[in-house]
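These notes are about the structure you will find just below.
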Amino acid sequence: MTTPNVMRQIRILQVAVAVLSATTVLLAVNCFRPLLPRQRFLVIDAERVNIRERNGILKAALSNAAGFTEGQRAQGEEGARISGLMFYNEEGQEAGGLVYLGKAIPGGQDAEAALTFDQFRQDQNVYLHHEEHRDAKGTRIEDGLSVNSRPDWTDAKEEYRTYEAIGRLPQAQQEDARLQALRAGKTSTGRLFLGVKRGLDGGAPYDDGGLFIRNRWGRTVIKLYVDYDNKPHFEVYDPLGKSMVYELKVPAS
C-alpha cells in the first residue's frame, strides 16, 4: 500500500524530471537559435573575444598576447608580446589591427602602439604608430605615419625567413644582402615616413620633424624637415642615399 509520504515524494520527483526536461530542451534550442540574442554585462573577463561571420569565418579578435594565434602569421618572439584588436579579411586572414606592447627593460623601456593596414596576404603597408626604445646605447622615439612597399606575393613567412638569414651573415655583408633581397622582390622596405623622430644618438640629442622619402632600394633620397635647432632643411641624396646632391639653403636670420 502506497503511503501519502511516498506519493508526495513521487510527485516531487515527477516535477523535478519535468523541470529538468524543459531546461534541457531550452538549452538545446538555445545552441541553434539563441533565446536571448542581445544581453548586457557590466564586466566581462576574457582572454580573447572573436567576431565571426555566420559561416564561422573569423573577422575580428580582441585578445591578449597569448590569444593572438588564430589566423596570425608566425613572426618570431616579438609577436607573442602584442595585444589589442586584430582584423581579418573574407578568407579569415590577418588584414591589420590596433595593437600595442610595452615593458621596462634594463636602462629604459621598449614600447609601441600602432594602427596598421595590411596588404592582401602580406604584412602592414600603411600604419600610424608610436615607437620608443630607451637603453644604455641611446633613445629612439618615432611618432608618425609610415608607408611600406612589400613584395607582391603571398608567402609572408618566406619574407621573414629572408630577414633571419640576412641577420645571421657577418655585419659587413648584411647591407649588400639586404639590397640584393630588395632587388629580387623578396623583402619589403619603408618608402615614406611623415612625423617626428627624436632621441639621443651618441649622447647628442636630435628632434627632426618632417617628411622622409626612400627609393625602391630602401635608401633615403629626400628629406624635408625641421631639426633640433629649429632649422628647416630640404635635402636630396644620390640613389644609394650616401651623398647629398642638392640642398636648399635657408638664409640666416
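Each row is one residue, and each column tells you yes or no for (1) modelled with pLDDT of 80 or more; (2) over 30 Å from Ala165 (Cα atoms); (3) more than 19 Å from the chain's Cα centre (by Cα); (4) part of a helix (DSSP H, G or I).
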{"site": "Leu26", "(1), (2), (3), (4)": "no, yes, yes, yes"}
{"site": "Leu36", "(1), (2), (3), (4)": "no, yes, yes, no"}
{"site": "Ala46", "(1), (2), (3), (4)": "yes, yes, yes, no"}
{"site": "Arg54", "(1), (2), (3), (4)": "yes, yes, yes, no"}
{"site": "Ala65", "(1), (2), (3), (4)": "yes, no, no, no"}
{"site": "Gln75", "(1), (2), (3), (4)": "no, no, no, no"}
{"site": "Glu112", "(1), (2), (3), (4)": "yes, no, no, no"}
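Tell me yes or no: at least one residue of the stretch 118-134 is outside any loop (DSSP other than H, G, I, E, B), aliphatic (A, V, I, L, M) and modelled with pLDDT of 90 or more. Yes, the stretch 118-134 has at least one match. Taken across the stretch 161-169, residues that are among the aliphatic types (A, V, I, L, M), farther than 28 Å from Ile222 by Cα, free of Cβ contacts under 8 Å to residues at least 60 places away in the same chain and outside any strand (DSSP E or B) do occur, with at least one present. Take the conditions more than 16 Å from Gly218 (Cβ to Cβ) and outside any strand (DSSP E or B) and apply them to Leu182. Does it pass? For Leu182, the condition - more than 16 Å from Gly218 (Cβ to Cβ) and outside any strand (DSSP E or B) - is not met. Only residues that are over 19 Å from the mean Cα position of the chain (by Cα) and either of a type in the set (Lys, Arg) or assigned to a helix (DSSP H, G or I) (or both) were counted in the stretch 135-160, giving 2.
Just one of (1) of a type outside the set (Val, Ile, Thr); (2) over 16 Å from the mean Cα position of the chain (by Cα); (3) outside any strand (DSSP E or B) fails for Ala104. It is (3).
Being among the β-branched types (Val, Ile, Thr) and either at pLDDT 85 or above or within 30 Å of Glu158 (Cα to Cα) (or both) is the requirement here; does Ile82 meet it? Here the answer is yes, as Ile82 does meet what is asked. Of all residues in the stretch 133-185, those being closer than 23 Å to Lys242 by Cβ and in contact with a Pro (Cβ under 8 Å, 6 or more places away or on another chain) number 0.
Quick grid of which residues meet (1) buried (at least 18 other Cβ atoms within 10 Å of the Cβ); (2) under 25 Å from Ala66 (Cβ atoms); (3) out of contact with any strand residue (DSSP E or B) (no Cβ under 8 Å at 6 or more places or on another chain):
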{"position": "Val99", "(1), (2), (3)": "yes, yes, no"}
{"position": "Phe117", "(1), (2), (3)": "no, yes, no"}
{"position": "Leu128", "(1), (2), (3)": "no, no, no"}
{"position": "Asp135", "(1), (2), (3)": "no, no, no"}
{"position": "Gly138", "(1), (2), (3)": "no, no, no"}
{"position": "Asp143", "(1), (2), (3)": "no, no, no"}
{"position": "Glu164", "(1), (2), (3)": "no, yes, yes"}
{"position": "Ala172", "(1), (2), (3)": "no, no, yes"}
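The values are calculated or read from the model by the stated rules, or taken from the named source; none is laboratory data. Everything numeric here is computed off the predicted structure, so don't read it as measured data. All Cβ positions, even for glycine, are placed from backbone atoms using ideal geometry, and neighbour counts span all protein chains on display.
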